[in-house]
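Data block below; observations after.
Read-outs throughout are calculated quantities, based only on the coordinates presented, and are distinct from any laboratory measurement. Remember, predicted model here, so these are calculated numbers, not experimental data. Because the Cβ atoms are built from the backbone with ideal geometry, glycine has one as well, and the counts that use them run over all protein chains shown.
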């Protein structure tokens, strides 16, 4: 209720099962009533609305193409786990795109859920037996520190680069389930360089940090797709670590393949950041500069 007060710029009082809004604006009153109705719908479906849900309802309530019902119905249900709900309208469109397209590109700033939602959607497809295996990959590009100076063998050197993918899976499934799936080769995690020459059929393939692929690497990756497979490519074009930023395979692919109807392209903005509130302010400051 305190968040709704802030969003509507009004005072709200509660007594028992009664809620009273102090406002002479009929438009504000209607928006408040609609928000309460939508929150009750969430509760009836067993979903407890959090502050992010309240913000989504507020942002979308006056926009026909961004209706709360559309957002509410675009969720990811992993067997044995609660629904993963979109926290912004663009996240809902991204989930819809992964349901609809076999190849999806998603790019935007850090903290917008690009990788997390892709991993969640992939795990759902694998656990529901719609896909045979999940393949997670990303380019190993050095950002100020050479791989050669890191301790350990190649697998140990590569592991830190793949940590964000593990983090997403750890949140979504118990560790023993992930370990068992890896042992049974249902989940495979490998650097992009190891993808050359492969043909992946009936698989869900995610390429993370795609802004650090070269044009040649991106072409190589996209042509690994076999029959019955799905690919999701994620990245942040503001964090390119390549020597020449204009050689980014993600930017090149987005321009080259944009007219192919069967490929989905989704771009997140700073408004879609769902990490700590300061992350959005930091991104805004860098964009302003």
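Structural remarks
- Largest GNM mean-square fluctuation among 26, 248, 203, using the chain with Cα springs under 10 Å: 26.
- Take every Cα pair under 8 Å whose residues are at least 6 apart in sequence, average their separation, divide by the length of segment 2-66, and the relative contact order is 27 percent.
- Of all DSSP-defined beta bridges confined to the chain, some 25% are antiparallel rather than parallel.
- Computed extension gain for residue 22 through residue 34, at 0.36 nm per residue and net of the alpha carbon distance, reaches 2.7 nm.
- Residue-averaged 222 nm ellipticity for the chain, from DSSP H runs of 4+ at -39500 (n - 2.57), nearest 500: -12000 deg cm²/dmol
- Ranked for footprinting exposure by Cβ neighbours inside 10 Å, fewest first, 140, 119 give 140, 119.
- Between helix 89-100 and the chain there is an angle of about 50 degrees, using the helix long axis and the longest principal axis of the Cα atoms.
- Structure remark: mean-square fluctuation, Gaussian network model of the chain, C-alpha springs under 10 Å; the largest value among 75, 204, 107 belongs to 75.
- Proxy reagent accessibility, fewest Cβ within 10 Å first, across 56, 279, 126: 279, 126, 56
- Computed from Cα positions, the angle between helix 51-60 and the longest principal axis of the chain comes to roughly 80 degrees.
- Estimated inter-spin distance, residue 227 and residue 128, nm [label 7 Å along Cα→Cβ]: 2.3
- In percent, rounded to a whole number, the relative contact order of the chain is 21, using alpha-carbon pairs under 8 Å and six or more apart.
- Spin-label model distance (nm) - residue 5 vs residue 180, 7 Å beyond Cα toward Cβ: 4.8
- Nearest 10 degrees, 0 to 90: helix 163-172 Cα axis against the chain principal axis: 50
- Over segment 74-288, the ratio between the Cα radius of gyration and 2.2 N^0.38 Å evaluates to 0.98.
- Mean-square fluctuations from a GNM of the chain, with a 10 angstrom spring cutoff on Cα atoms, peak among 74, 131, 219 at 219.
- Spin-label pair residue 14-residue 245: with each label point 7 Å from Cα along the Cα-Cβ axis, the two points sit 4.7 nm from one another.
- Order of 265, 221 - criterion: other Cβ atoms within 10 Å of each residue's Cβ, fewest first: 265, 221
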